[in-house]
Amino acid sequence: MPRLLRAFALLGFALFLIAPAALAQNSGQIEGRVTQRSNGSPIPGANVVVDGTSFGTATEADGTFALRLPTGNYVFRVSAVGFQARTDSVTIRKNETTRLDVALEETDIELGDVEVVEEAVAEDAGVYTLDPKTAQEIPSPLNDGLRAIKVLPGVTSNNETSYQYSVRGGGYNENLYYIDGFEVYTPFRTKQGEQEGLGIVNLDMTDRITLYAGGFPARYGGKLSSALDVAYARPDADGVAGGAYASTLDAGGHVKVGLLGGRLGIALAGRSARPEGFFGTQELKGEYDPEFADVQSTVTYRIAEGHEIQGIGLLLDHRFRLVPTTRRTFFGTFQDLRSVSFGFDGLEEDGYTLGFGGVRVLNKITNALRIEHDVSYFDVEEFETLNIAGSVGLFRIDNPFEDPDDPTNLIQTGAATQRDTTNNNVRVSTLSGGGRYRLSAGRHAAELGWTARRFDFSDRLFEVSYVAGRAQNGNPIEVALDSLADQSSFSEEQYGIYIQDAVDLLPTSGHLVVTGGVRADYFSFNDELTVSPRLSARYIWDELTTVTAAAGVYHQAPTYRELRGEPIYDSTTVGSNNIILGTLNRDIKSQRAIQFISGVERFFPKVRFYGRAEAYYKALSNLITYDVENVRTVYSGENDADGYAFGFDLQLRGEFVPGLESWLNYGFLKTSEEFLQPTPGVNGAVPRPTDRRHNFALFVQDYVPNSTTWKVHLRALFGTGTPFTPPAPGEVVGGVQLQAPGLRNSQRFPEYRRLDLGITKEATLAQRSPTGNPVRLELTGEVLNVFDMTNTIAYSYVADARGIWQRVPTRLTPRTVNVRMRLRF
């Protein structure tokens, strides 16, 4: 294991040890005994927890317990199987022991017919949940739901400026997104994290976040890796609640209103971000002018008991403007320290406008039968414009002990000039309709659903990069390194249907639930029908242990990104403008993954922590291979490989203090692909672009000693490097050595490591506001990338005077400070 990886592991365990030590500085102890009221006998294994949290302990064989926690007033809930739960108020004083003895009344448990009703999200194989309030506490450059889930098991990312993520070896484009049951999409052609802006999920609107990291049920279809299901909160009682926040990077506000006796609920939220200061900390200097804004709303109207209409609307308008000036990057070793200096002239402007609207009608026909129908429309228009000329100088630092900016300490070893021009416009829209029918009967919860969707794609692409060179007569010329020019538009339909049934199989309710289902999908573009059977099971081994398993077939139909593929160049135009010659492949097939997942979760009552482990294997076929350029995924446009992915995820989760959950994740992954035909630069099986062997994620929350109104939030991320394809010498045109792809994924980026820290002060400004709710203020200071760690997202290559390409890293953001204020009412 690499030395840095061991250091992160030690840091994680050290923080898990430090938090209880900090707690002990300003805490007291509660101890007591839990007995049966009827005869005074002890109750072993009874739960003693702070009400509303999972913080607590369990009684010993003699019914005794002891627990240390911060000073303050608490309500404890004492419960045991076969007994009526009881609550008691207790005051904990510093360095004192408080006694609490509890006698529980026995209760009769009648076992009758069990009705399976699917309401809450079950912790099945591959299912992880994240509390939205906790997600808002995670230190992050921009506070949105997509960035927050990077701390969940199986999720990896190597770019803090981007909200994109990989799940268990899948690509960035292999994840489903649902908001309130409506499938939504992210932009299609962003190529840098700075262009993405705010993630589509607004945490102020969110009630529940559920990630299916594989093995997801038949109702979710269309992707290979994961499904993110976000439920927005909908007011169902009269009243007003809301809040607002502002920081040095972003701002926003929301309000939720219930009217007409709770029959009408309206929620409205808006966000704005201008993180020019954050982007400007990178090595590329210039005038950054990002402007990201969105408005989101939900409306719910209950027509009658059991019958309601739901509506949702999203509007995102994101603009990114940059006038680059200079960039200075140092690289190499101390014995061979080098630098590269860039000078720029020009302008980059990118952006997109995204709109989404959906309406759903829900009808509860009987207590057992519920039906719903919905219709939605999604539209995104993206543009990229770029016209930048740059000159580059490559230098060797003569004496690394002296000032590297001193011209006398620089020895120039290479120079070049390049000009990039881009003018792209992409528009994608979808019109969707669907139905869902759920029937609960005895021990069965059956479900049938269908979707129909029309896609409209339209794009215009023009990209060209020129490098300065000299013709055979010695005259200067510009040579096109890469060029792309094309436009197309097409419309297609997609249909899907699924059926599934959850069955409770054992006499004891909920101890063994098996869910089986199958879905079928048809895509008109390639006239393809796919069938995907799926099966999952959850077995409660005992009161402390749950075993889960899932298996299924998953298909991902090719859409815009996969269809575009690699440009096919006209060899007669090398040196001028290369033209794409028909890259839309109608013979292409859906990618397929056969997945197997098994896991176990164990609750440790003495320390109130959960341990969870899951192993998985994916057999991949009909793969459309791709490369990742910064955050853009570039596909080959052909089913050219098969592959696999396997690994395991471990998680330790619990509360050091009441109501503040912390966790530590470790994941191991290996994913590989093997091309079906001989391919230049490929020799046998090669790692896939997302092959990250080791991944750590740590999130810790705790109170500052001597005050429960001060909280500390810490996030640490570590991942070993992902592979990339280095260049190899290509054609020589006009005296300029062009690049060609080298051995596929034969080199790796450095490790991604990052630690972010936040400290929050909470204050109650008023116990009751005009809305009836208390008014609370939170002031947060964040230090992002605390240790100023250097992370690399890409490489560029500059030829020196000997014609040898020098690899120059593109680095991410250094240490940054952010201050945030949040008001809740």
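The values are calculated or read from the model by the stated rules, or taken from the named source; none is laboratory data. Because the structure is predicted, anything quoted here is derived from the model rather than measured. Quick reminder, even Gly has a Cβ in these numbers, built from the backbone with ideal geometry, and neighbours come from all protein chains shown. When the accessible area is computed, the model is the full protein with side chains, heavy atoms only, and any ligands, DNA or RNA have been set aside. Shrake-Rupley method; radii C 1.70, N 1.55, O 1.52, S 1.80 Å.
Work the Kirkwood hydrodynamic radius out for the range 152-230: mean of 1/r over every pair of different alpha-carbon atoms, inverted, in Å.
Roughly 13.3 Å, rounded to one decimal.
Roughly what percent of Cα-Cα pairs across the range 211-285 reach past 15 Å?
Distances greater than 15 Å cover 71 percent of the Cα pairs.
With θ set to phi - 60° and the Karplus curve 6.51 cos²θ - 1.76 cosθ + 1.60, what are the ³J(HN,Hα) couplings of the range 344-352 in order, to the nearest whole Hz, using x for Gly and Pro?
10, 8, x, 8, 10, 9, 9, x, 7
Hey, any idea what % of the chain's accessible area is carbon plus sulfur with a 1.4 Å probe?
55
Cα to Cα, under 27 Å, and not fewer than 8 places away if on the same chain: which lysines meet these conditions relative to Lys606?
Lys94, Lys133, Lys711
Determine the distance separating the Cα centre of the range 184-229 from the Cα centre of the range 335-381; give it in Å without decimals.
Taking the Cα centre of each part, the range 184-229 and the range 335-381 sit 8 Å apart.
Just for the Cα atoms in the range 625-776, what are the lengths along the principal axes, largest first, rounded to whole Å?
Sorted largest first, the three principal extents are 73, 39, 30 Å.
Calculate for the chain the 222 nm mean residue ellipticity that helices alone would give, adding -39,500 (n - 2.57) per DSSP H run of length 4 or more and normalising by residue count, nearest 500 deg cm²/dmol.
The helix-only estimate for the chain comes to -1500 deg cm²/dmol at 222 nm.
Heavy-atom accessible area per residue, the chain, 1.4 Å probe: how many Å²?
42
For the range 379-391, in order, what is each residue's ³J(HN,Hα) by Karplus, 6.51 cos²θ - 1.76 cosθ + 1.60 with θ = phi - 60°, in whole Hz (x at glycine and Pro)?
8, 9, 10, 10, 9, 9, 10, 8, 8, 10, 9, x, 10
Using amide H atoms built in the peptide plane, which far-off residues or other-chain residues are under 5 Å from Thr413 H to H?
Leu394, Phe395, Arg396
Which entry in [x] -0.52, -0.68, -0.81, -1.03; [y] -0.47, -0.60, -0.72, -0.96; [z] -0.30, -0.43, -0.59, -0.98 matches log10 I(q)/I(0) by the Debye sum over Cα atoms at q = 0.05, 0.06, 0.07, 0.09 Å⁻¹ derived from the coordinates of this structure?
From the options [x] -0.52, -0.68, -0.81, -1.03; [y] -0.47, -0.60, -0.72, -0.96; [z] -0.30, -0.43, -0.59, -0.98, the structure gives [z].
Sequence-distant or interchain residues sharing an amide H contact under 5 Å with Gln591, placed H: which?
Answer set, sorted by chain and number: Gln556.
Quick one: compute the contact order of the chain, relative version, from alpha carbon pairs under 8 angstrom and 6+ residues apart, as a percent.
11
Could you tell me how many cubic angstrom of Cα convex hull volume the range 343-452 has per residue?
Hull volume over Cα atoms, normalised by residue count, gives 234 Å³.
Enumerate the amide H contacts of Leu100 below 5 Å, restricted to partners 5 or more residues apart or on another chain; note that Pro and chain-start residues carry no placed amide H.
When sequence neighbours closer than 5 places are left aside, the close amide H contacts are Glu31, Gly32, Arg33.
Mind grabbing the base-10 log of I(q)/I(0) for the range 693-825 at q = 0.19 Å⁻¹? Debye formula, identical points on the C-alpha positions, no solvent, two decimal places.
-1.09
From the residues Thr813, Ile793, Gly654, which one has its Cα farthest along the dipole of the chain in the positive direction, the dipole being from +1 and -1 charges on Cβ of Lys/Arg and Asp/Glu about the Cα centre?
The Cα lying farthest towards the positive end belongs to Gly654.
Per residue of the range 596-613, what does 6.51 cos²θ - 1.76 cosθ + 1.60 with θ = phi - 60° give for ³J(HN,Hα)? Whole Hz please, x for Gly and Pro, Karplus curve as stated.
Working through the residues one at a time gives 10, 9, 9, x, 9, 10, 10, 9, 9, x, 5, 9, 6, 10, 10, x, 9, 9 Hz.
Put +1 on the Cβ of every Lys and Arg and -1 on every Asp and Glu Cβ in the chain; which of Ile497, Phe279, Asn695 then has its Cα farthest towards the positive end of the dipole?
Asn695
Mind checking the dipole of the chain: about its Cα centre, +1 per Lys or Arg Cβ, -1 per Asp or Glu Cβ, Debye to the nearest 20?
In debye, rounded to 20, the chain gives about 1440.
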